[in-house]
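To start, the structure itself, in structure tokens.
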Amino acid sequence: MANENKLQDIIGHCKEYGFVFPSSEIYDGLGAVYDYGQYGVELKRNIRDYWWRSMTQMHDNIVGLDAAIFMHPTVWKASGHVDNFSDPMIDNKDSKKRYRVDHLIEGFVENLDQEKAEAIIAAMEALLAADDFAGLKKLIEENNIKCAVSGTCNWTDVRQFNLMFATEFGAVASDNPDDNKVYLRPETAQGIFVNFLNVQKTGRMKIPFGIAQTGKAFRNEIVARGFIFRMREFEQMEMQFFVRPGTQKQWYEYWKEARMKWHLSLGISDAKYKFHDHVKLAHYADAACDIEYDFPMGFKEVEGIHSRTDFDLKQHQEYSKKKMQYFDNDLDENGKPYGNYIPYVVETSIGLDRTVMMILSEAYELQDLSTEDKKDDRVVLKFPPFLAPIKLAVLPLTKKDGLPEIAEALMKECRPHFRCFTEEKDTIGKRYRRQDAIGTPFCVTIDHQTKEDQTVTIRHRNSMLQERVPMSDIKNIVLKNLEVL
Ligand code: ATP
């Protein structure tokens with residue numbers, strides 16, 4: 001069920017507590033571009049590190065790569081992005097507002113009863129699969145779908161709109177602007193494909209093996225909405241797994257299961273996820289599905305798993321005239337080496353920002369703790385401890401009596417092991433609430449008794465329960481709770 005209020009609450013909270021700011025905010029922002037603040041950057045890094053570790057450190061046959069954002073322009077010809085990376089869109093002639101056709105129709109059916117909505121979505125999917133643009137326009141007109149701004153049904157024809165950003169490379173002036181044109185990569189995958197042989201040969205990799213990469217990607221999304229769900233500049237975490245032709249189905253199933261396990265290891269229940277198999281396959285795929293999470297706006301894609309055949313490597317072989325083949329000296333059932341072939345690829349592709357949004361949506365809780373005589377709300381972010389920006393807050397009860405010095409001693413012990421934080425200002429209650437709002441799993445209070453017996457109070461974020469423990473145990477209590485995998 002869509003929950004617009006929760007989404008707005010999360011956006012407001014992210015800004016108030018330094019997770020996510022609109023880009024260039026003092027100039028009124030830039031559409032669908034966001035900056036991560038002091039806590040957002042830690043959360044995002046923790047997610048990226050966890051993904052990286054699960055892919056590379058936990059798989060002996062997967063190695064990493066960090067390819068440049070700029071690539072030779074022919075890469076995007078070969079990959080099909082110049083010709084095919086586009087979405088059907090439509091403009092309202094009165095408001096001049098542009099819509100992605102599928103978003104316009106999906107927005108319209110939200111207010112219809114289920115049966116009618118499903119019929120319209122099914123009709124839309126069939127028309128999209130057939131690239132029937134006239135049919136899509138007719139569907140919009142027949143249902144009298146109006147522009148939210150002008151309120152009219154006065155539409156242009158449906159057209160394709162390429163999502164790649166182009167820029168100029170180098171300072172050489174040319175009469176033909178296309179001479180210097182390069183694209184900001186719309187996906188990280190191509191950096192992996194063009195380096196396939198470099199990594200295979202220098203890493204002496206044997207099939208099956210994978211190459212993992214995280215990095216920025218850019219898409220000029222027609223309608224960017226949903227906060228950091230759909231951005232024009234975002235980060236992907238992709239892994240291309242190279243396999244022997246004919247085994248791709250089995251590896252596709254393997255990665256579907258492995259990726260779902262990863263999602264569940266984030267502490268999210270399986271009721272919040274579902275697979276969505278693609279009906280219309282991209283030009284490069286022989287099977288594809290999305291992992292969808294139940295966002296405040298409803299179930300939406302967070303990760304794609306695609307069986308990409310040998311399409312990309314074959315295309316690069318053709319355009320670059322360089323062999324993209326692998327020699328497989330394993331023996332087939334007749335005892336002969338499999339020999340030379342272009343490998344098939346199964347890829348897992350997850351958006352880092354969308355994962356941040358998923359973790360925030362899952363963690364965000366507004367609790368009513370009011371009593372008969374006092375109104376009281378608490379916003380708590382229930383992050384799994386290993387993802388929390390700050391793991392431990394060390395809070396001296398007062399600013400005097402040597403308590404800050406004891407706090408500093410504990411900080412000194414913990415700082416090299418995990419991110420911790422100390423502050424002396426405000427009542428303990430207020431300081432606890434601020435830590436709840438940024439998702440710190442543990443707070444430790446240093447009080448006068450600490451001076452007597454070296455014990456402290458540790459408060460657990462989710463339960464708000466407090467217990468007295470030796471100060472010398474704190475580092476290990478926190479470390480034990482950071483374990484994953
Ligand atoms: P969508 O259908 O939502 O546009 P997609 O199917 O085009 O996504 P892919 O090309 O499969 O997406 O990209 C892989 C992942 O990258 C997506 O699952 C998503 O998490 C992320 N992603 C794609 N586009 C964006 C975007 N504009 N902003 C943030 N993340 C994105």
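The values are calculated or read from the model by the stated rules, or taken from the named source; none is laboratory data. Everything quoted here is computed from the prediction, not taken from an experiment. Using ideal geometry, Cβ is built from the backbone for each residue, glycine included, and neighbour counts are taken over all protein chains shown. For the accessible areas, the whole protein counts, side chains as well, though only heavy atoms, and no ligand, DNA or RNA atoms are used. Shrake-Rupley method; radii C 1.70, N 1.55, O 1.52, S 1.80 Å.
Data overview
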quantity	calculated
In degrees, nearest ten, helix 114-129 long axis to first principal axis of the chain (Cα)	50
Surrounding net charge for Ser23, when Lys and Arg each add one and Asp and Glu each subtract one, Cβ distance under 13 Å	-3
Solvent-accessible area, 1.4 Å probe, carbon plus sulfur percent, for segment 1-156	50
For the chain: span of alpha carbons on each principal axis (Å, largest first)	76, 67, 53
Cα-centred dipole magnitude for the chain, charges only on beta-carbon of K, R (+1) and D, E (-1), debye, nearest 20	1060
Of all accessible heavy-atom area on segment 392-449, the percent that carbon and sulfur account for (1.4 Å)	55
On Cα atoms only, tilt of 428-438 relative to the major axis of the chain in degrees	10
Principal semi-axes in Å for segment 172-258 [√(5λ), Cα gyration tensor, largest first]	31, 22, 11
Computed label-point distance, nm, for sites Asn180 and Glu405 using a 7 Å Cα→Cβ extension	6.4
Rounded accessible area per residue of the chain, 1.4 Å, Å²	49
In degrees, nearest ten, helix 38-52 long axis to first principal axis of the chain (Cα)	60
Highest average packing first - 468-480, 205-217, Cβ atoms within 10 Å	205-217, 468-480
Calculated [θ] (222 nm, deg cm²/dmol) that DSSP helices of n ≥ 4 give over the chain, each run adding -39,500 (n - 2.57)	-10000 deg cm²/dmol
Estimated distance in nm for a label pair at Leu281 and Lys216, the labels positioned 7 Å out from Cα along Cα-to-Cβ	3.5
Distance from segment 323-381 to segment 11-85 (C-alpha centre basis), Å	14
Percent antiparallel among DSSP beta bridges (both partners in segment 369-481, rounded to 5)	55
R0 of 25 Å, Cβ-Cβ distance Thr202-Asp60: FRET efficiency to nearest 0.05	0.90
Column: log10 I(q)/I(0), Debye, Cα scatterers of segment 369-481, q = 0.11, 0.22 Å⁻¹	-0.33, -1.26
Percentage relative contact order, the chain, counting C-alpha pairs under 8 Å, at least six apart	13
Whichever lysines have a C-alpha closer than 24 Å to that of Lys201, once near sequence neighbours (fewer than 8 apart) are set aside	Lys314, Lys321, Lys322, Lys323, Lys336
Relative packing of peptides 14-23, 143-152 - highest average C-beta neighbours within 10 Å first	14-23, 143-152
Whole-Å semi-axes of the ellipsoid equivalent to segment 1-115 (Cα gyration tensor, √5λ, descending)	32, 26, 19
Distance cut-off 27 Å, percentage of C-alpha pairs in segment 82-235 lying past it	44
More than 14 Å apart - percent of Cα-Cα pairs taken over segment 273-315	51
